[in-house]
1. Is there a residue being in contact (Cβ under 8 Å) with a residue 24 or more places away in the chain and over 17 Å from Val556 (Cβ atoms) anywhere in region 363-371?
2. Tell me which residues, restricted to region 189-240, are free of Cβ contacts under 8 Å to residues at least 12 places away in the same chain and not aliphatic (A, V, I, L, M).
3. I need a count of the residues in region 312-324 that are under 29 Å from Val76 (Cα atoms) and either assigned to a strand (DSSP E or B) or open to solvent by 20 Å² or more (accessible area, probe 1.4 Å) (or both).
4. Within region 283-302, count every residue that is buried (at least 21 other Cβ atoms within 10 Å of the Cβ) and among the hydroxyl-bearing types (Ser, Thr, Tyr).
5. Looking at region 453-460, is at least one residue open to solvent by 40 Å² or more (accessible area, probe 1.4 Å) and within 27 Å of Glu548 (Cα to Cα)?
6. Checking the structure you have, find out if any residue of region 171-179 is touching a helix residue (DSSP H, G or I) at 6+ places or on another chain (Cβ under 7 Å), in a loop (DSSP other than H, G, I, E, B) and modelled with pLDDT under 90.
7. Among the helices (runs of 4 or more DSSP H) contained in region 184-282, which hold 2 or more residues that are open to solvent by less than 10 Å² (accessible area, probe 1.4 Å) and within 30 Å of Pro293 (Cβ to Cβ)?
Amino acid sequence: MPRRWRRQAALVVVGALALVLAACGPSLPNSVVPGSAATVGWSHTLTSTNTASAAGATAGNKDVAALTRGRFAEKVGGVLEIDESFGSVEVVDREPFTVRYDLTDPHWSDGIPVDAADLMLAWAAGSDAFAPAAADAAKAPTANEAVEAPEAAISFDSARSGLAQSNEIPRYDEFGRWIDVRFFQPVADWRTALDVAVPAHVVGARAFDLSDPMEAKQAVLTAIEERDGEALAAIAQVWNTGFDLRGGDGNGIAPELLLSSGPYQVAQVDQSRPGAQRVNLVVNPEYTGSPTPEYERIELVQSPAAEQLENLGDTLDVVQVAPTDDNRERIRDLERRDYGVSYSHDGTLWVLLLASGRGELASQEARVAFLRAVPRQEVAAAGAGPWATQLEETNALLFAPGTEAYDIAMEDAGFRERFARSVGEASQAREAAGVVRGAAVCVLYDTDVPFARAAFDALRKGVAEAGWDVRDCGDRDVRTTAEHSNAWHAVLTRVPLPVGPAGIAAQWGTEGRSSLSGGGNQARDRLIEELARTDDQYVARDLRVQIEADIVKEAVALPLAMNQLVTIADRDVEGVQPRPGPVASLTSGVVDWSPVQN
């Protein structure tokens, strides 16, 4: 008998719940292998089942939501993925810009349909339509009557999306299960803006102390339609804090907080040991989407990365860790023994950023000369150390490698041509910029990070050939030093691939809160603003390429490599392919895993 099936004794509660579900509800999908279970090493924790709230949008909560929430669409590595089994999204009018979110036939795991009430709740929470400050700040450039905010401010603690550009109560059809959302202007993320994160019948029941789910749904709809301030305040309170799981053990969490519209549902959350949370999930028999799972049960076990590798093949089936000097031989040995090993990135990249207008790099010509002197491949390989052969190099700041948009950016943004390395030409460019041989450049980096330390040494040696003298300005707190000191000229650090126009503005706009280079210009700001109003994905891609080209022209950044993750699967688990990016890299692919039946 396969080892993972012998572990069933540790999952008695989960197994019992699965049997109850099978007896009382729809049968499990034919794809499910009865009794199969996989245990996953996990570095996060589940704190809330509402990832659409700002407080609940944590990495761990998103990991679980990837297994338990249906959605219209999502961006994966910069590429839009649409789930037609959940519903469809289409622009039904251009003036005003109106989008229809239309459900197929999804259900919550208690058998209650996902319907217009759930969509309206998602809109109300994400739009901020009932907050007076938001309503006053957002002026609709149309003649349509906008929502008048109630007297009392209703504060939904929600993650920001394009719904903030909508404050007119949508038209909806309860039986057709769709809503039409009117926006002030086109928005770039209209396909993904509406996040059906929590059940309206649970919110209504808790807000108004109701037991009938359909009555609870209607109460939510009525509160939104009538702009009932008192009722909306009660709804917002449940939305903001009612799905918080912290402080309760597995038996203390109300079952309605664990409802699912995805392929799995949470059966138990064991929080009895601090730092060792266990989240048990079972197949959701109400799920009608695709693909359907093969594993009947999944358990996420919170544990340190070092322990995960040690327990792989014993108490754990799948782990995902950062590559280090210490674990290279261990993982190589597992790969040689036919464990599945695959590589991805976490949505961040290593980059050399130059401070615009400072020191020897004050001029654009000097920055170009310096960047042309950097041996990028050698610097990245030195940082990766024994993992250099698996390193994923990158030539872009706004696009993930491996996508069509990345290839277009390589053709049009001019990165390779502008920063192709040539020691002789780099020396000539330095002299032409009026920078003397031996000019000092103070480089800031995190002294606690092995990649940064090794990459810095390679950088210093490499640019010396072209007449630059790189000084060690390493520090243990790069962000604080960068923000409060002008002594550095460049920083070797890791930054996220920006998600959406807001992320690009924060990192590369003139007023960007996350920018370390201090660069930017009004023309780039206008491109970012235009991107935020662009609803066509191809036009949006071309605008991002233009923004990338403008950053290349300014010569303030040199991308090096994506930050790696390594995923290792036991020999009797097939199909483990992590997806790139920062959200649910491992758990999003669980539905494609298969147990090897011996």
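The values are calculated or read from the model by the stated rules, or taken from the named source; none is laboratory data. Because the structure is predicted, anything quoted here is derived from the model rather than measured. Cβ atoms come from the backbone with ideal geometry, glycine included; neighbour counts cover every protein chain shown. Heavy atoms of the whole protein, side chains included, go into the accessibility calculation; ligands, DNA and RNA do not. Shrake-Rupley method; radii C 1.70, N 1.55, O 1.52, S 1.80 Å.
1. No, that holds for no residue.
2. Asp209, Ser211, Asp212, Glu215, Thr222, Glu226 - these are the residues of region 189-240 that are free of Cβ contacts under 8 Å to residues at least 12 places away in the same chain and not aliphatic (A, V, I, L, M).
3. 9
4. 2
5. yes
6. Within region 171-179, one or more residues are touching a helix residue (DSSP H, G or I) at 6+ places or on another chain (Cβ under 7 Å), in a loop (DSSP other than H, G, I, E, B) and modelled with pLDDT under 90.
7. Filter on region 184-282 gives 200-208, 213-225.
Let's see how each residue does on (1) farther than 29 Å from Leu531 by Cα; (2) among the hydrophobic types (A, V, I, L, M, F, W, C):
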site: Arg471; (1), (2): yes, no
site: Asp475; (1), (2): yes, no
site: Val478; (1), (2): yes, yes
site: His484; (1), (2): yes, no
site: Trp488; (1), (2): yes, yes
site: Val491; (1), (2): no, yes
site: Pro501; (1), (2): no, no
site: Gly509; (1), (2): no, no
site: Gly512; (1), (2): no, no
